[in-house]
1. Restricting to region A:293-307, and then to whatever is out of contact with any Pro (no Cβ under 8 Å at 6 or more places or on another chain) and closer than 19 Å to A:Thr333 by Cα, can you tell me which residue is most open to solvent (accessible area, probe 1.4 Å)?
2. Just the residues that are surrounded by fewer than 16 Cβ atoms within 10 Å (Cβ to Cβ) and over 29 Å from the mean Cα position of the chain (by Cα), please, taken from region A:344-371.
3. Looking for something of a type in the set (S, T, N, Q) and within 21 Å of A:Gly289 (Cα to Cα) - is there at least one such residue anywhere in region A:363-377?
4. Under 8 Å by Cβ, and 6 or more places apart or on different chains, what pairs join a residue from region A:240-269 that is open to solvent by less than 10 Å² (accessible area, probe 1.4 Å) and at pLDDT 95 or above with one that is part of a helix (DSSP H, G or I) and polar (S, T, N, Q)?
5. Inside region B:107-121, can you point out the residues that are surrounded by fewer than 19 Cβ atoms within 10 Å (Cβ to Cβ) and facing chain A (nearest Cβ under 8 Å)?
6. Give region B:13-32 a look and list any residue that's open to solvent by less than 50 Å² (accessible area, probe 1.4 Å) and facing chain A (nearest Cβ under 8 Å), or say none.
7. Pull out all pairs, ordered by first then second residue, where Cβ-Cβ is under 7 Å, the residues are six or more apart or on different chains, the first lies in region A:156-170 and is more than 8 Å from chain B (Cβ to nearest Cβ), and the second is open to solvent by less than 30 Å² (accessible area, probe 1.4 Å) and modelled with pLDDT under 95.
Amino acid sequence: MKLPQPPGPFRPEFWDSPLRGRWMTSMLGLLTLLFFGTSAITGFLSHAAYNPGLGTNAIVPRDADLPLTFDWLTSPSWLYAFTQGLHVTVGFAAIPILTAKLWSVMPRLFQFPPVRSPAEAIERVSIGLFVSSSVFLLATGVCNVFYFYPFAFNFVVAHYYAAVIFSASLLVHLVVKLPIVFSKLREQGLKPLHQDLASTVPEPYDPEDDVRARHPADPTLSRRGLFGFALGGSALLTVGMAGQSLGGPLRKVAFLAPRRGGFGDGPNDFAVNKTAAAARITPEMTGAGYRLELVHGSKTLSLSRAQLLAMELQTADLPIACVEGWSTTQAWTGVPLAALAAMVGAQDAGQVLVESLQPRGILRKAALSHDQFMADRALLALKVNDADLSPDHGYPARIIVPALPGVHNTKWVGKMTFS
Amino acid sequence: VKRIYGASPIHLLAHLASLALALWAVGQILDARAATTIVIWLVGSVLLHDAILWPLYSLLDQVAWSTALAIDGGGRVPAINHLRVPVALCALMFIAGFPAILEIREGNYTRVSGVGYDGYLGRWLLVSGLLFAGSAALYAVRVRRAAAARGR
């Protein structure tokens, strides 16, 4: 029995773009691979940067994680600012690229009959996961950088597993499609990019290649015009976002970026991830009664801010780099973490759990590895740009470690437990 | 295998391996907090593109076509791309920044970051305006050039 063909997009006549074809899809596919590949790699690097194997750092449950993590580096100090700035900026810039890529294969969604063989059925399931996860990653990513949470799930957990689904379906898509991409590249190379509008001709209709139009309309855009269109969109969003990661005068150019300005006065005027008010830090917690507790086994030590200030201080220019992509480099002054470790004989400890005075929130504590707390320029900062830290930047004392993700630079540090 | 399955055995093995990993991740999602919402969002992501975004921009393109025809009268210098490009970029910027542009739940953002969403709407309109103006200016230049070329 043959099913009657439904109308509209299920009929080949519906599709008349002269640009669709294997060459176009191949090239847009490579571009998508470049953008999404960059975002995926830097995303998994960010997962590793949180050192989920230490203490209570894991946000994705440890027994339900992939063995993709390694000891995060402490050098170069701008490493996380770079990888995470790239992750977010390239992720935004991928929106028009993914849209163009999906446009180029839209006719396949409506192919009739929808499935012609078991191979096609399994492939379509995988493509479904691919489209779903890629749009999901962009949509949740955009919401997250703007603190807009129209969902009850944990962003990190959902974004991570969606990235696993995405990577799995990407890899198999590459296995299936890269041979086509290479054969198209061998056949035509970049030649179609040299054609202007007048010389743009459709690829001849081929019933085997169902993204090509049977009756193509006259072109209104050349192929390079389409690439320019999509990449122009990426460039516009890059200009709109990248300044929050690059800093300097570009920060103000970033017209769409959430962290294009600072928050604070004078030396403390730079972006804040979480204000003291949001963290429920009160003046009583940080006033004259404030003590930093150091613990190593049975050894404990309690230090006031004045005692900390009397120690040998070090100043270092280090970035605060947020998982949301923004970063800002400031001159921090404080006690080297290695010196604090030495005070309780913990130079050889495997890790240190740093706890904030903040009464609750999953990121109120973070564990640092041995390499991190012993790193050159890893500080318990007391001052920034020669002024006392403002309450919003972590007064009386905050952690600042080279290449550490922003939120792990715990603010309002109350206790450090070496183990 | 090829006759029954429809592709090479490598195709089958690669898909089984990929689906095993993907379904493992789906399984983890089902154990996560608000699992139903994640699944709704994953399905919704496909619908967002295939049932909302694609029909919407296809429709917009049709509108752009008739508007362009009204502008250029089917003449030598087509206006279509001078409409398409700024409209698409304007929409793209909106998609990338809508929470700030619409000041959605600004209170949440201000509580954690100390700053608000002042100026995002204005800057979005300003950049969009510049794109439309630039596109219109370019169109005017092209029409004038075409007219001059005809007059020669």
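The values are calculated or read from the model by the stated rules, or taken from the named source; none is laboratory data. Remember, it's a predicted structure, so these values are computed and weren't measured experimentally. A quick note on method: Cβ atoms are made from the backbone with ideal geometry, for glycine too, and the neighbour counts reach across all protein chains shown. The protein model used for the area step is the full one, side chains on, heavy atoms only, and it has no ligands, DNA or RNA in it. Shrake-Rupley method; radii C 1.70, N 1.55, O 1.52, S 1.80 Å.
1. A:Gln307
2. Across region A:344-371, the qualifying residues are A:Gly345, A:Gln347, A:Asp348.
3. No, there is no match, as no residue in region A:363-377 is of a type in the set (S, T, N, Q) and within 21 Å of A:Gly289 (Cα to Cα).
4. A:Met241/A:Thr89; A:Ala254/A:Gln244; A:Ala257/A:Gln244
5. B:Asn108, B:Arg111, B:Val112, B:Val115
6. If the condition is that a residue be open to solvent by less than 50 Å² (accessible area, probe 1.4 Å) and facing chain A (nearest Cβ under 8 Å), then B:Ala14, B:His15, B:Ser18, B:Leu19, B:Ala22, B:Ala25, B:Val26, B:Gln28, B:Ile29, B:Ala32 are the ones that fit.
7. A:Val156/A:Val60; A:Tyr160/A:Val60
Okay, residues lined up against (1) farther than 23 Å from A:Leu138 by Cα; (2) among the small types (Gly, Ala, Ser); (3) touching a strand residue (DSSP E or B) at 6+ places or on another chain (Cβ under 6 Å):
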site: B:Leu83; (1), (2), (3): yes, no, no
site: B:Pro99; (1), (2), (3): no, no, no
site: B:Thr110; (1), (2), (3): yes, no, no
site: B:Ala140; (1), (2), (3): yes, yes, no
site: B:Arg145; (1), (2), (3): yes, no, no
